[in-house]
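A.B. asks: Before I ask anything, let me first share the structure, which is written out below as structure tokens.
The values are calculated or read from the model by the stated rules, or taken from the named source; none is laboratory data. If you're wondering where the values come from, they're calculated on a predicted model, not measured in any experiment. Here Cβ is always computed from backbone atoms with ideal geometry, including for glycine, and neighbour counts include all displayed protein chains.
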Amino acid sequence: MKRGILCSLILVLQMACLSAQEVKTYGFVERDSTLYLDVYRPASPRADKACVFTLFGGGFVTGERNNALQRTIGKMLSERGFTVVSIDYRLGLKDTVKMKEFKGIRGMQGMFQYCIDIAVEDCAAAIGWLCAHADELGIDTAKMVLTGNSAGAITVLQLDWCRANGLSQASALPSGWRPAAVVPYAGGIMSHGKPTWKTPPAPTMLMHGTKDKIVAYKKFPPLLSYSLYGAKKVHKQMTKQGYPCWIIRFEGIGHEVASWLPGSVDLFCAFVNQALAGRISELDATMKDTKLVPTRWTDMTVKDLYAR
């Protein structure tokens, strides 16, 4: 009897080891200090060696590559066979967290542009590093999906826009590289005038709450052409130029959508699998989910966020 119990215990431990999530950390670039990335290796990798590249949010003030949400995303997607990569990037507002420090609307625009630019540069450097180490990591760099939440969503969407327009912020990307898909959760594009693309963007699924006042659903500031254009405006511009994309609008929900990847993982995978298979489709949907409900984030504004 004891021997049977021991054998059963050993089998359970062996199964746990086989399914255990492997996470390794690597330095990918030197800035003022070393920036790191975490690689979540799946126990049973997808045959296509697809990789999901994810960026944390935090208003360019705070956040970590290994925070609770990022660990959850790494676990959920690696269990679905993806190699998942979560990176550091420089936080341009880390020491500028009070609204009064922006010095007017122009100062706010310039500061946000700076924050987004350096985050994009770090994101591009990380992708360059991953492409150089693809064989070691077991990934296909042509099947790399970019996703992020809030500031991370802005960064990945801006990166692909910079890439498509040949802008210097994306110059660290390998020549000819293009993401397989981009999925921003409450993201936008910072642009002088409505965003346009000189070359095709990656297949994109925009996830946004219609009441979001932190990363505006339409654009912020609303009356100026130099603005952060949210999902509604980005979708309109992509459609106008003939680039297919999905937009999922969460009616009456605010910035809660930024952390909703775990709650929408099946939808995320459905879109990503289509993109990886080379299928082109369009979707414009308003979605309700009983588990996604308004919280204090629904009414919170940019001013509230940075006045704390």
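A.B. asks: Output the number of the condition that residue 27 fails; it satisfies all remaining conditions of (1) in a strand (DSSP E or B); (2) touching a Gly at 6+ places or on another chain (Cβ under 6 Å); (3) small (Gly, Ala, Ser).
C.D. replies: (2) is the only condition that residue 27 fails.
A.B. asks: Another question, if that's okay. Can residue 252 be described as free of Cβ contacts under 8 Å to residues at least 24 places away in the same chain and either in a strand (DSSP E or B) or not hydrophobic (A, V, I, L, M, F, W, C) (or both)?
C.D. replies: no
A.B. asks: If a residue has to be over 19 Å from residue 134 (Cα atoms) and within 16 Å of the chain's Cα centre (by Cα) to count, how many in the stretch 171-203 make the cut?
C.D. replies: 12
A.B. asks: Right, something else. Restricting attention to the stretch 187-218, report how many residues are free of Cβ contacts under 8 Å to residues at least 40 places away in the same chain and farther than 24 Å from residue 61 by Cα.
C.D. replies: Of the residues in the stretch 187-218, 3 are free of Cβ contacts under 8 Å to residues at least 40 places away in the same chain and farther than 24 Å from residue 61 by Cα.
A.B. asks: Do you know which residues across the stretch 278-296 are outside any strand (DSSP E or B) and surrounded by 12 or more Cβ atoms within 10 Å (Cβ to Cβ)?
C.D. replies: Answer for the stretch 278-296, where residues must be outside any strand (DSSP E or B) and surrounded by 12 or more Cβ atoms within 10 Å (Cβ to Cβ): 282, 289, 292, 294, 295.
A.B. asks: Would you point out the residue of the stretch 21-79, among those that are of a type in the set (Ser, Thr, Tyr) and closer than 27 Å to residue 306 by Cβ, that is surrounded by the most Cβ atoms within 10 Å (Cβ to Cβ)?
C.D. replies: 54
A.B. asks: Please enumerate the residues belonging to the stretch 60-112 that are in a helix (DSSP H, G or I), at pLDDT 95 or above and not hydroxyl-bearing (Ser, Thr, Tyr).
C.D. replies: Within the stretch 60-112, 68, 69, 70, 71, 73, 74, 75, 76, 77 meet the criteria.
A.B. asks: For the stretch 128-149, state whether one or more residues are among the aromatic types (Phe, Trp, Tyr), closer than 30 Å to residue 23 by Cβ and outside any helix (DSSP H, G or I).
C.D. replies: No, the stretch 128-149 contains no residue that is among the aromatic types (Phe, Trp, Tyr), closer than 30 Å to residue 23 by Cβ and outside any helix (DSSP H, G or I).
A.B. asks: Here's something else I'd like to know. Name the single residue that is surrounded by the fewest Cβ atoms within 10 Å (Cβ to Cβ) among those in the stretch 190-239 being of a type in the set (Gly, Ala, Ser) and assigned to a loop (DSSP other than H, G, I, E, B).
C.D. replies: 193
A.B. asks: To continue, here is another question. Specify the residue that is surrounded by the fewest Cβ atoms within 10 Å (Cβ to Cβ); the eligible residues are those in the stretch 138-161 that are under 11 Å from residue 89 (Cβ atoms) and either touching a Lys or Arg at 6+ places or on another chain (Cβ under 6 Å) or not hydrophobic (A, V, I, L, M, F, W, C) (or both).
C.D. replies: So, considering only residues that are under 11 Å from residue 89 (Cβ atoms) and either touching a Lys or Arg at 6+ places or on another chain (Cβ under 6 Å) or not hydrophobic (A, V, I, L, M, F, W, C) (or both), the one surrounded by the fewest Cβ atoms within 10 Å (Cβ to Cβ) is 155.
A.B. asks: Looking at the stretch 33-52 only, could you name the residues that are without any contact (Cβ under 8 Å) to a residue 40 or more places away in the chain and closer than 17 Å to residue 71 by Cβ?
C.D. replies: Matches in the stretch 33-52: 43 only.
A.B. asks: For residue 283, are the conditions met, namely being free of Cβ contacts under 8 Å to residues at least 12 places away in the same chain, over 19 Å from the mean Cα position of the chain (by Cα) and farther than 16 Å from residue 161 by Cβ?
C.D. replies: The answer is no for residue 283.
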